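The values are calculated or read from the model by the stated rules, or taken from the named source; none is laboratory data. Because the structure is predicted, anything quoted here is derived from the model rather than measured. Cβ coordinates were reconstructed from backbone atoms using ideal geometry, including for glycine residues, and neighbour counts include every protein chain displayed. Keep in mind that these areas ignore ligands, DNA and RNA; they rest on the heavy atoms of the full protein, side chains included. Shrake-Rupley method; radii C 1.70, N 1.55, O 1.52, S 1.80 Å.
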Amino acid sequence: MRMTALIIAALGLVVAPAAAVTIELTTDQPRVEANLALNPAMEEGADGAPAHWSLSTAVPENFETAWVEGEGRHGSRALYLKAHENVMSGYWGQTVAVEPGSYIFRGFYRTTTGRLLMYAHGRNTDVEPPVGVDARVYAGSAIAGFLVPVFIPYEALAGADPDTYYPFSVQVEVPERLPTIALSMGMYFTPGEVWFDDVWFGPATLDLIIRVAGGGEQVGKLTVFDEDEVDPVYVSTADPRCPVGGLLPDPFEVRLEDVRADARYLIVAKTADGDLTKARFPEEAR
Amino acid sequence: MRTALASAAIGLACTCFAWGQAGLEAGNLTVTVDRDSGFVRAGSALDSELVRGLNFRLSDGGSDGELPLTMTEARFEDDALFVRYACDRPLDILVIYSGLREGLLATVLVTNDGDRQELLEVALDADIGRTEGLSVFDGRSVSGEPQEAFGEDTFRGRLQLCAAWNEQAGVGLGLAAPELRSWFHHSYVPPDGEEPARLSTATRLVLDPGRDDTVTFFAASRPGEWGFYEVLDAYYETYPAMFRADPDVDERANLGGGQYRAFPRTGVWSPEICRRLFVGWEWCYAPFRRTGDIYGREQLWDYEPVRPFGSPRGLPRDEYFAWRREAFEVGRACNVAMMFYVPSQVWCEERLAREVYPDALIEDPTARTLFTTPWVTGHDNERLVFPYQTSFAEQSYRDMADVAEELNLQGFALDTAGGGGKYRGPALDRLDGRAWDEDGVYCRNSIAVAHLMQYVHTLTAPDGTRLAVVSNPSPRCAYSAMLWSDSAMLEGEPWKVDRTYGDSLRWMAGHKTLVWWEGYGADSFVDVEMARPDQLRMLLRGLADFTLLQSLRIGYIPPPNFTQGFERLVQWLPAITECVTTGWQPVPAARVPEPLWATRYGDGLDALIAIAHETAGTVQAEAVIENRRFAEGALVFTDYDGGERTNRIAGGETKIALTVPTRTPVLLRAQAAVAPADAVTEVRAAAEMGLTGGTLWLGIDGRGQVTVRLREPEGMRATAAWLNGAVAQVRDGELSLQLDGRGDLKVRYASRVFRGEDSRLLDFPFTRDGQPACTIHLPYGVSPRTRLLAERLQLYFRYWHARVLGGDEVAIPIEQGEPQAGPAVLITPEAAEPAVFVDDADVLHIAARNERELEDVFYRYLRALDTKYWTAEWGYWLRKATQGANVLKWDETP
């Protein structure tokens, strides 16, 4: 992962504008349509409350919630949650209908402090044997506030930038006979505050379709990097459709099958002149 | 609201008293019978206004009402008060008040002479006469001057004791320690008009027709300064055997757990890692294929799991058995007591439970009775069952005996020992300790777990020791979970939930060993990938320091996930282990101002007092040690390592000035007791103890005749003493001195085993320049047990050169027969007496009278060698934080 990040950084240094080349990313089915979460961007709502999302906790008085404007990832709305003490956990959540299979629950959070839990969960006890799923991902810092600062200096916890949204992702295996599950995002028995935005819940894998058009430029190479892997997942020079040392057909289309929905790809098209054009999945996928 | 007033419930109908004494005195309480009112009056010797009465109350579970009682007889006989009651039910009720050590017992015997089952609630009430400044402990929490009824209505995570106290005195009530009950409750009701406040402990009984039951309550009054800890102290003193490990189990059960360093797999260095990290036992996790079939019976072996078998459970039965035998044997070679894991036999593979043991199934909608996610074995779904007086219990007991014999076990590791779930199945009628609720009669699973623990103690290991119980009850366990455990883990870190999460388990454990579990879990605090090495170091040092402090504050041993590679904790580990195995004491009897706290381990000359604070900066203060609470005369302290301390003696108390840095404890060790205390005003004390002997210096300011009793360090005895340069006689660790102002006392100690000079034993040339410099010799025909010691000595230096120094292994040759010339080591299991010395021929003798003694002597010698060949061990998980060094040092400012 680290090596890949370095490669990407290095590439960024030599990128030159190549406005004519375009990279179009789509998925089959389209990501937006595949998203089963309702009001995933947190933009819908009325009377100060977001549509489809609600707070779940046994101690509501421990929490402060808001549907805040101007705090989202792109200056739009986000879900805000503040836990005053560690007496109880609390979560923004909604219920979605599901079919058996593999799913990905992902989204973005921003936090100042606290231990976060994002999980997809459900249980059907009306069948024998009962079935259920409980797929979790934790994030955050300073789970035990009483350790700070005497035992854990603030500097030790620096890492998550309180102004930056970070992604979370967890794979969910939905069993047979489980018609719905809940998506929950919140604070796990710690005081703290968090903002959530841009949730996606859908099939665990998708086909990624990359279409490169030269727009008058000649494209010589297409490379797809997985940010978690050192080696590229696709290089056109290894594609039998691309003549070695030659140019790519224009337009050129590649279908990467069964791409994890939470994969993070950097797609780089290189022209014969050495100019680079980049696109990122999933940010730029339609 | 109070259901009925005691005065209304009890009427004196009979005057046949044989009462001629002033009353029964026990537990600082005096109990008398008031002839006019029919009350059992009580008073505290420490505060005459605190307690007024100590009365029995009976309620009917059917009508939920209090049954009016009539006292029909009260007599004093054989140091006990017998009070008989009648009521409008066919019940014969006898309450016997008696004394036991530090407590007063009220034993209630109820006989059902009727023809229907009786559901009863019996309570012992203490009428509280003075409530100003009163604090109340309800078995879990403390309330200061409660103005409303107080007492959380929960069973689990709650002590069987409650207490109320003011600054002067306190009173405690509870169930007697051996009581196994499915329900109890403590409550406090504030005064209401003329009615005094009332502190109560209640439990429920189920009495079948013609049957009787006996329940014993405990009560005691103590000084008020240390709150409910005083009542705990009285309780532990009253039932000493229940708050220390069974003395007949393998004593390694009192040390720390291995966290899988010795099972299921070991590496070449595992024995040395376990030894250096004070591992005494291993939690040998689930060494069976099918939950509920812990032996692996042939007829139950082949079945279809709900998830695929992993390795090695997927092996054919004979291969799995061979693997298991080998794994236990290899683990045992680490000198670790192997504890065979069972889930307290409260979980059983679902199909096995339903099809073979249906009478054991627990149907309880308030408890989780089925796991359909991977748990004990990973491949089974597991069902909650009741392992007492059921077909599953019968099989479990047989299985446990059989695996113990087959694997030469030293004990069992009982997971999920908290005892959740209520059993109402077909075996219910023959169970003891039953209770009732709105759904009828039940028996709580904690009773089955307690019986299982008792059963484990009836089994014996090949060496004759009883099998031990090491449990995992959780602080939210039933009160009985620790009573028959020899030691236990808290499955969590010192910061789990909050700072005091582990305290209630400590109260339940008494003086027994507790250990933390899990590990640092740095990823719970930071994104380890993103964090810089220096951030990780800061984080881990902080967590380790917190672990150090909490380990000493409440008496837990940190196991290897906390210590391995952490320099500071490994340095402190001997001290922590000594404290915990000496025994946590609820009453510190050491006053320190906030933010300091003090915790005491041991009594008298065994006493160790840990003092620390959890704030930034340095705290300077004075510790005032209340000697009369745990010692005779005035105790004199040094630092744990013998560093000098000045002890001012005044008013029978020892006062020590302290400078306590942040995140760093002070640990004081008692070295001597001077009596009478008022003969001395100041004692400066320092000690230097080595392997073969040591010296204690006491600079005593005082006048008159005093007796000085000396601590005897393990394996040492005081052999000579000088007062101001003149010989003073030491007899049985005691000196009688005549002081006239300043007296400088020097005491010399000698080891009973290690002889000669420390340097000859510690600097013995085992290796030189990366090569063996000696040979290890064994007499011909020694047993594998003795040969193992030779191999352990060999391993010690292989480990040192290869793992610690990073060079080639250096294997000292092992030979049979006496050495012809030195340097050589001769290990002898059949000597005239235990001894370790280097003779003139440069032969290091390690000798004892038998193998058991030899092991003891041998491992003490290795421990001594550790002072020269010291390492913090290393943790591979520290690689990023230490940038490859694998050892976390404290060489940076916190």
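In whole Å, what are the extents of chain B along the principal axes defined by its C-alpha atoms, from largest to smallest?
Here the spans come out as 92, 83, 60 Å, largest first.
Applying a 10 Å radius around every beta-carbon, put B:558-567, B:791-800 in order of their mean neighbour count, most first.
Result, highest mean first: B:558-567, B:791-800.
Taking 7 Å along the Cα-to-C-beta vector as the label spot, tell me the B:Val727-B:Glu237 distance in nanometres, rounded to one decimal.
Here the modelled spin labels are 4.2 nm apart.
Taking 2.2 N^0.38 Å as the expected size of a compact globular protein, what ratio does the Cα radius of gyration of region B:797-857 give against it, to two decimals?
1.31
Over region B:403-531, with every protein chain in place, what whole percent of the accessible area is carbon and sulfur at 1.4 Å, could you tell me?
44 percent
Which FRET efficiency value, to the nearest 0.05, is calculated for B:Glu406 and B:Arg116 with the Förster distance at 56 angstrom and r the Cβ-Cβ distance?
Plugging the Cβ-Cβ distance into 1/(1 + (r/R0)^6) gives 0.70.
Sticking with the crude label model, points 7 Å out along Cα→Cβ, report the distance from A:Val68 to A:Arg286 in nm, one decimal please.
It is 3.4 nm.
Against the empirical 2.2 N^0.38 Å scaling, what ratio does the C-alpha Rg of chain A come to?
1.15
Quote the charge dipole size of region B:579-751 about the Cα centre in Debye, to the nearest 20; the model charges only the Cβ of Lys and Arg (+1) and of Asp and Glu (-1).
That gives a dipole near 120 debye.
Using 0.36 nm times the number of residues separating B:Glu363 and B:Glu195, minus their current alpha carbon distance, what extension gain do you get?
Length gained between B:Glu363 and B:Glu195: 56.2 nm.
For peptide B:540-551, how many partner chain Cβ atoms fall within 10 Å of a residue's Cβ, on average?
3
So with the 1.4 Å probe, I'd like the accessible area per residue for the protein assembly as shown, rounded to whole Å².
Accessible area per residue: 39 Å².
Grab the DSSP H runs of the protein assembly as shown that are 4 residues or longer, score each as -39,500 (n - 2.57), total them, divide by all residues and round the 222 nm result to the nearest 500 deg cm²/dmol.
Counting only the DSSP helices, I get -4500 deg cm²/dmol.
Residues of region A:40-81 with backbone nitrogen within less than 13 Å of a virtual label 7 Å along the Cα-to-Cβ line of A:Val87, please, listed as ranges.
A:58-64
Normalising by the residue count of chain B, find the relative contact order in percent from Cα pairs under 8 Å and 6+ residues apart. Write out the running numbers ahead of the final one.
Working: 2224 pairs, mean separation 63.5, N = 894.
Value for chain B: 7 percent.
Work out Dmax and Rg for region B:17-137 from the C-alpha atoms and quote the Rg first, both in angstrom.
Calculated on Cα positions, Rg and Dmax stand at 15.2, 49 Å.
What accessible surface, in Å², does a 1.4 Å probe find on B:Lys746, ignoring ligands, DNA and RNA and rounding to the nearest 10?
My reading of the accessible area for B:Lys746 is about 80 Å².
Any idea how far the Cα center of region A:169-204 sits from the one of region B:472-505, in Å?
32 Å
Counting only Cα atoms, I'd like the Rg/Rh figure for region B:254-578, Kirkwood definition for Rh.
Numbers: Rg = 20.1 Å, Rh = 20.6 Å.
Dividing the radius of gyration by the Kirkwood radius yields 0.98.
Please report, in debye to the nearest 20, how large the charge dipole of region B:727-775 is about its Cα centre when each Lys and Arg carries +1 at its beta carbon and each Asp and Glu carries -1 there.
120 debye
Could you list, in their original order, any pairs among B:Lys496/B:Lys655; B:Lys746/B:Lys889; B:Lys868/B:Lys889; A:Lys82/B:Lys422 whose Cα atoms are separated by more than 30 Å?
B:Lys496/B:Lys655; B:Lys746/B:Lys889; A:Lys82/B:Lys422
Using only the alpha-carbon atoms, what does region B:612-731 span along each of its principal axes? Please give whole angstrom values in decreasing order.
The Cα atoms of region B:612-731 stretch 48, 36, 25 Å along the principal axes, largest first.
Which whole number gives the average, over all residues in B:516-525, of C-beta atoms from other chains lying within 10 Å of the residue C-beta?
For this peptide, the per-residue mean of nearby foreign Cβ atoms is 2.
Could you tell me how far the Cα centroid of region B:215-236 sits from the Cα centroid of region B:267-341, in Å?
First find each Cα centre; the distance between them is then 43 Å.
At 0.36 nm per residue, and after removing the present C-alpha to C-alpha distance, how many nm does the segment from B:Glu167 to B:Asn850 gain when stretched out fully?
Additional length available on full extension: 240.4 nm.
Rank these by accessible area, largest first, 1.4 Å probe: B:Trp890, B:Trp584.
Values: B:Trp890 55, B:Trp584 5 Å².
So, going from the largest accessible area down, we get B:Trp890, B:Trp584.
Could you work out, residue by residue across B:527-539, how many beta carbons of other chains sit within 10 Å of that residue's beta carbon, and then give the average as an integer?
Details: counts 6, 1, 3, 5, 6, 4, 0, 2, 7, 1, 1, 8, 8.
For this peptide, the per-residue mean of nearby foreign Cβ atoms is 4.
Under 16 Å Cα to Cα from A:Lys270, which aspartates and glutamates show up? Leave out anything in the same chain fewer than 8 places away.
A:Glu24, A:Glu217, A:Asp239, A:Asp250, A:Glu253
Taking the Cα atoms only, what angle lies between the long axis of helix B:391-407 and the longest principal axis of chain B, rounded to 10 degrees?
Taking Cα atoms only, the helix is inclined about 20 degrees.
Along the charge dipole of chain B, which of B:Thr266, B:Val342, B:Leu91 sits closest to the positive end, that is, farthest toward it, with unit charges on the beta carbon of Lys, Arg, Asp and Glu (+1, +1, -1, -1)?
So the residue furthest toward the plus end is B:Thr266.
For B:Val497, what is the net charge nearby, where nearby means another residue's Cβ is under 13 Å from its Cβ and Lys, Arg count +1, Asp, Glu -1? Could you put the intermediate results ahead of the total?
Numbers: positive: A:Arg115, B:Arg476, B:Lys496, B:Arg499; negative: A:Glu85, B:Glu491, B:Glu493, B:Asp498, B:Asp503, B:Glu518.
Residues near B:Val497 contribute -2 overall.
Students often get this wrong: which residues of region A:118-137 have the backbone nitrogen under 18 Å from the point 7 angstrom along Cα-to-C-beta of A:Ala49?
Under cut-off, by backbone N: nothing.
Quick one: give the max-minus-min coordinate of the C-alpha atoms of region B:176-282 along each principal axis, largest first, in Å.
Ordered largest first, region B:176-282 gives principal extents of 73, 46, 22 Å.
What do you get for the angle between helix B:445-456 and the principal long axis of chain B? Use alpha-carbon atoms, 0 to 90 degrees, nearest ten.
50 degrees
Using the beta-carbon distance between B:Asp92 and B:Asp437 and R0 = 30 Å, what value does 1/(1 + (r/R0)^6) give for FRET efficiency, to the nearest 0.05?
0.70
Multiply the residue gap between A:Asn124 and A:Asp163 by 0.36 nm, knock off their C-alpha separation, and tell me the result in nm, one decimal place.
10.1 nm
Mind checking the angle between helix A:2-14 and chain A's longest principal axis? C-alpha axes, 0 to 90 degrees, to the nearest 10.
Computed tilt is about 50 degrees.
For the protein assembly as shown, build the charge dipole from Cβ charges (+1 Lys, Arg; -1 Asp, Glu) around the Cα centre, then report which of A:Gly245, B:Ser221, B:Gly492 sits farthest towards its positive end.
Positive-most Cα among the choices belongs to A:Gly245.
Just by accessible area at a 1.4 angstrom probe, what is the order of B:Arg532, B:Arg553 from largest to smallest?
Listed by decreasing accessible area, they come as B:Arg532, B:Arg553.
Which order do the peptides B:364-377, B:638-651, B:245-258 take when ranked by the mean count of other beta-carbon atoms within 10 Å per residue, highest first?
B:245-258, B:638-651, B:364-377
For the charge dipole of region B:254-578, defined by +1 on Lys and Arg C-beta atoms and -1 on Asp and Glu C-beta atoms about the Cα centroid, which residue among B:Leu543, B:His379, B:Gly440 has the Cα displaced farthest towards the positive pole?
After comparing all options, I get B:Leu543.
Summing +1 for each Lys or Arg and -1 for each Asp or Glu, what net charge is found among the other residues whose Cβ lies under 11 Å from the Cβ of A:Val127? Intermediate results must be reported in sequence, preceding the final value.
Values: positive: A:Arg123, A:Arg177; negative: A:Asp126, A:Glu128, A:Glu176.
Residues near A:Val127 contribute -1 overall.
Measure out, as a whole number of angstrom, how far apart the alpha-carbon centroids of region B:68-116 and region A:78-99 sit.
56 Å
Stick to the Cα atoms of region B:764-866, pair each with every other, and give me the Kirkwood hydrodynamic radius in Å at one decimal.
So the Kirkwood estimate lands at 13.7 Å.
Counting Lys and Arg as +1 and Asp and Glu as -1, what is the net charge of the other residues whose Cβ lies under 12 Å from the Cβ of B:Pro68? Don't jump to the answer; show the numbers that get you there.
Numbers: positive: B:Arg57, B:Arg89; negative: B:Asp60, B:Glu66, B:Asp88.
It works out to a net charge of -1.
So for the pair B:Glu833, B:Ala657, with labels modelled 7 Å out along Cα→Cβ, what separation do we get in nm?
Simple spin-label model gives 4.5 nm for this pair.
With charges only on Cβ, +1 for K and R and -1 for D and E, what is the dipole size of region B:6-242 about its Cα centre, in debye, rounded to 20?
Taking the Cα centre of region B:6-242 as origin, the dipole is about 340 debye.
Could you order peptides B:801-813, B:750-762 by the average number of other Cβ atoms within 10 Å of their residues, highest first? Walk me through the numbers on the way to the answer.
Details: B:801-813: 15.2, B:750-762: 18.1.
Those peptides, ordered most packed to least, come out B:750-762, B:801-813.
Could you quote the convex hull projected area for the protein assembly as shown, Cα atoms only and averaged over all directions, in nm²? Present the calculation step by step, with values, prior to reporting the outcome.
Numbers: hull surface 225.7 nm².
Mean shadow area of the hull around the Cα atoms is 56.4 nm².
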